[in-house]
């Protein structure tokens with residue numbers, strides 16, 4: 001799916017993967033689930049590219065529903081996988097701390113689990129090698145993605161700002177479709193290690209100039225990152241009042 005001249009999406013509002021496409025090649029932001037591989041190949045073909053044109057994968061964090069096909073790209077096509085140093089072990093398969101599910105509804109939750117299972121989420125393929133990045137790094141990849149540290153969902157959660165795509169990719173720093181409740185609109189994401197830290201980290205998006213705020217779960221949100229962050233805080237206040 002084309003979102004803009006340099007921005008494409010595969011997957012859906014349950015789990016999404018995004019491609020930054022430039023003349024220099026393709027940068028993949030998050031790698032979804034292993035079963036998204038066929039969609040990746042089809043989307044690349046739609047713009048006259050192949051997996052050999054992918055120059056790098058950037059993970060917004062190391063959870064299993066974001067590492068997906070990254071190791072296949074690395075192993076079969078030599079594509080480096082970039083992840084914040086604080087999430088490197090998590091991406092490689094180290095056990096993450098257990099977090100509360102919080103609010104959930106049977107329909108959306110079962111839908112999320114079923115979708116993940118159909119696309120290999122029960123058998124994640126963790127990267128065996130990663131390139132560690134840090135807050136403020138501008139990566140030598142198509143689109144010159146800039147790393148913005150957003151610890152909270154996990155210690156190494158990041159946003160990835162790509163000006164050529166007019167987008168900031170926020171992973172699970174926020175969601176626009178809560179996979180356990182089905183609620184839509186900017187809100188805190190479930191399965192977050194430190195909810196208070198995640199909300200504080202949103203302050204780092206205030207000055208980011210982008211017209212798209214792109215989460216890993218839910219529809220891309222059209223508007224400023226600052227406006228999206230304020231809606232997330234409002235949703236958190238509403239939830240805490242219940």
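Checked against (1) within 18 Å of the chain's Cα centre (by Cα); (2) within 21 Å of residue 144 (Cβ to Cβ), residue 78 meets all criteria but (1). Do you know which residues across region 94-120 are closer than 21 Å to residue 67 by Cα, part of a loop (DSSP other than H, G, I, E, B) and at pLDDT 95 or above? The answer is 119, 120. The condition (being farther than 21 Å from residue 105 by Cα, surrounded by 17 or more Cβ atoms within 10 Å (Cβ to Cβ) and in contact with a helix residue (DSSP H, G or I) (Cβ under 7 Å, 6 or more places away or on another chain)) is satisfied by just one residue among 202, 174, 180, 231: 202.
In this structure, is residue 151 modelled with pLDDT of 95 or more, within 16 Å of the chain's Cα centre (by Cα), in a loop (DSSP other than H, G, I, E, B) and buried (at least 16 other Cβ atoms within 10 Å of the Cβ)? Spelling it out, residue 151 is indeed modelled with pLDDT of 95 or more, within 16 Å of the chain's Cα centre (by Cα), in a loop (DSSP other than H, G, I, E, B) and buried (at least 16 other Cβ atoms within 10 Å of the Cβ).
Listed here are the residues, each with its yes/no results for (1) in a strand (DSSP E or B); (2) on the phi > 0 side of the Ramachandran plot; (3) at pLDDT below 95; (4) crowded, with 24+ Cβ neighbours inside 10 Å.
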position: 55; (1), (2), (3), (4): yes, no, no, no
position: 66; (1), (2), (3), (4): no, no, no, yes
position: 71; (1), (2), (3), (4): no, no, no, no
position: 74; (1), (2), (3), (4): no, no, no, no
position: 87; (1), (2), (3), (4): no, no, no, yes
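Among the residues of region 154-171, those that are over 14 Å from residue 207 (Cα atoms) and surrounded by fewer than 24 Cβ atoms within 10 Å (Cβ to Cβ) comprise 155, 164.
The conditions of being on the phi > 0 side of the Ramachandran plot and at pLDDT 95 or above are not met by residue 35.
Among residues of region 200-231 being without any contact (Cβ under 8 Å) to a residue 24 or more places away in the chain and not in a loop (DSSP other than H, G, I, E, B), the one that is farthest from residue 151 (Cα to Cα) is 222. Looking only at residues of region 122-147 that are under 17 Å from residue 225 (Cβ atoms) and surrounded by fewer than 24 Cβ atoms within 10 Å (Cβ to Cβ), we find that the one that is nearest to the chain's Cα centre (by Cα) is 147.
Tell me yes or no: at least one residue of region 31-53 is surrounded by fewer than 22 Cβ atoms within 10 Å (Cβ to Cβ) and closer than 18 Å to residue 147 by Cβ. There is no residue in region 31-53 that is surrounded by fewer than 22 Cβ atoms within 10 Å (Cβ to Cβ) and closer than 18 Å to residue 147 by Cβ.
The values are calculated or read from the model by the stated rules, or taken from the named source; none is laboratory data. The structure displayed is predicted, hence computed values, not measured ones. Reconstructed Cβ throughout: ideal geometry from the backbone, glycine too, with neighbour counts over all protein chains shown.
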